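Read the structure below first, then the notes.
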Amino acid sequence: SLKNFPVTRYQLELDYTFFAELDHRANLILTSRDFGSEAHPFRGLFQFRFRNDKESRFYGIGDDSEEVDLSEFRYNWLKTGLELQFEPFSHLTLAVPVNFLTARTNSEDGEDDPSVEQAFPTDELVAFQDRTNYALIGFEIRHDTRQTENIPTRGGYRAFRFQRYQGLDTGEFNFNEYNFEIQQFFPAWTPRHVFAVRNDWNFQQQTGEEGIPFELLSRLDVESPLRGFPIGRFRDSSSVLFNFEYFFPIWDLIDGTLFVDTGKVFSGITNFDFDDWRYSVGAGIRIFYKDDVRIRLEGGYGGEGGQVLFRVGDVI
């Protein structure tokens, strides 16, 4: 990965990742330096992202999906576009993203696990083997009082995001997405002893006749992070997640962490309840340098086996 590489008046962030299954992912973000006044800066952001996932996992939809129902599918997507950002007040950012997304799912003849169409009825696999093309238009409000973005020790982050998935070739799979996120960091007896709390809600509203493509549903897994469960474990049209974390120093440039995650997926706000919440606990370390995390290693357990997350560099 390459980050914070100055190009005249711009900042370039780039990473390219190969996975064990030979899948690969790339992210490129080009951000302009601040324009306008110092008190009310304005900037533009260009992004290009793609993922080629040959063994994407699917366990079914809903909080009652079973681990034994693991199936696989091929998933390829590309997302590119612009985001305009403006700070009308200190710590407050208004953003307007305009992006293009194209995605396609296909069968995967895995050696150990069946392809999704062999394990699940086709009416549950919305847009399977179709290419969906979307214009993504929305807005975002962010309030950020953290003293640093990458390794915060105090302050908080609050955001509301709305995004419209407007089909370019058909309106059958149109939907709206709403997201609420809160993070808060509490310093303890020394600056590197920090308690962190995060809460995230995601809601998807179907507006097309055929439904929301199953690969775009809200997801909870080791990357969300519900760190005791594998990638793709829980999917539905809505999700809620809580993360509780404690950071503490181990060495000059090494921190340890203990965490508890809990969350669930559900099909819309009217079907939300307090049953079937999933929990995971774990620990990890992070090695940092100049306010950037260079290596992160975490292990979590959620009752279905352990999960290990290992990252090198600033993964976007």
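The values are calculated or read from the model by the stated rules, or taken from the named source; none is laboratory data. Predicted model, so just to flag it, every value in this text is computed and none were measured. All Cβ positions, glycine included, derive from the backbone under ideal geometry; neighbour counts span all protein chains shown. These area figures cover heavy atoms from the full protein model, side chains too; ligands, DNA and RNA do not enter into them. Shrake-Rupley method; radii C 1.70, N 1.55, O 1.52, S 1.80 Å.
Below are the figures for this structure:
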{"item": "Of the criteria (1) touching a Gly at 6+ places or on another chain (Cβ under 6 Å); (2) over 24 Å from Phe186 (Cβ atoms), which one Arg227 fails", "result": "(2)"}
{"item": "In the range 22-71, the residues that are aromatic (Phe, Trp, Tyr) and in contact with a helix residue (DSSP H, G or I) (Cβ under 8 Å, 6 or more places away or on another chain)", "result": "Phe58, Tyr59"}
{"item": "Every residue from the range 299-311 that is open to solvent by less than 50 Å² (accessible area, probe 1.4 Å) and either part of a helix (DSSP H, G or I) or touching a Ser or Thr at 6+ places or on another chain (Cβ under 7 Å) (or both)", "result": "Gly300, Gly302"}
{"item": "Checklist (1) at pLDDT 95 or above; (2) more than 15 Å from the chain's Cα centre (by Cα); (3) not aliphatic (A, V, I, L, M) applied to Asp169, failing item", "result": "(1)"}
{"item": "Extreme residue, farthest from Pro97 (Cα to Cα), among residues of the range 126-141 that are among the polar types (S, T, N, Q) and out of contact with any Pro (no Cβ under 9 Å at 6 or more places or on another chain)", "result": "Gln129"}
{"item": "Unique residue being open to solvent by 20 Å² or more (accessible area, probe 1.4 Å), out of contact with any His (no Cβ under 9 Å at 6 or more places or on another chain) and in contact (Cβ under 8 Å) with a residue 12 or more places away in the chain when the list is Asp144, Asp113", "result": "Asp113"}
